Amino acid sequence: MVLKCILGSIGHFIFFGLLIGMMIPGFLIYFIFKPFIKDSQNFFQGGAALSFKLFYFFVPCIILEEDILEDMPKGAIYISTHQSILDFPAFAIHIRNYLLFANVNLEKIPIVKTVTHKSGIRYLRGKTLYELANMQKELEKHLDDGKNVIYFPEGTRHTGDKLLPFKRGAFKLAMKKNRPIVPIVIEGAYKFLPRKSWCFKTSKREKMYLKMLAPLYPKDFDNEIEMMKCAHEIMQKEKDLLCAL
């Protein structure tokens, strides 16, 4: 059982090995060339995207099948289904200049706090109402500057056939700032690394699908509830199609 877990966790070792291995030279390059780097967040997100690409290239069991929009909108709100911690690395390869809000808190580890904050990740758990209000202001300014925001509208990871009910935050923000919602459907990540699991559950080569759907625009909806229901419906339909593959 232990041997199986070790073999099954090779993807974890590759994932965190790449992140840690690239973290040190990344910081060195940043501090040396800091006066010439206009956007530190974009710099660190570029490094993270490279490590994610290498992860999906080197990990032995995952075949990532991607269908990405040719013209990805900027200043948009990207929403994704959520099955595993493997979801974010899959789409973060393609999205830059983003803020991502995670329903966890890893800020107790100083180096993790520094790296993730510079990479555009903000933690919700344990925050006061004042801190959450400031985060909301940061989100809105980010969109005003033509940058992107990423949400997991289900709020947590799941492995079922049906999507969980969506939370309203992303859609309320889209209506308020008149920004498009770009749905992303990821299917199959749970087969490798489901929620609350350290071990990869399989060492067999299997496919993981990522499909980016056409943007939804606030002008086509009367309110955020209508927009949210539409997003849920089309994402569930796409999920059903990917499950059948």
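When you count, for each residue, the other Cβ atoms within 10 Å and take the mean per peptide, how do 70-79, 149-158 rank with the highest first?
149-158, 70-79
Taking the alpha carbon gyration tensor of segment 43-86, what are the square roots of 5 times its eigenvalues, largest first, to the nearest whole Å?
21, 15, 12
In square angstrom, rounded to the nearest 10, how much accessible surface does His117 have for a 1.4 Å probe?
My reading of the accessible area for His117 is about 90 Å².
Over segment 151-225, give the accessible area per residue in Å² for a 1.4 Å probe, as an integer.
52
Give me the distance in nm between label points sitting 7 Å out from Cα along the Cα-to-Cβ direction at Asn103 and Glu131, one decimal.
1.8
The values are calculated or read from the model by the stated rules, or taken from the named source; none is laboratory data. As the structure is a prediction and not an experimental result, all values here were calculated from the model. Using ideal geometry, Cβ is built from the backbone for each residue, glycine included, and neighbour counts are taken over all protein chains shown. All accessible areas refer to the heavy atoms of the entire protein, side chains included, with ligands and DNA or RNA removed. Shrake-Rupley method; radii C 1.70, N 1.55, O 1.52, S 1.80 Å.
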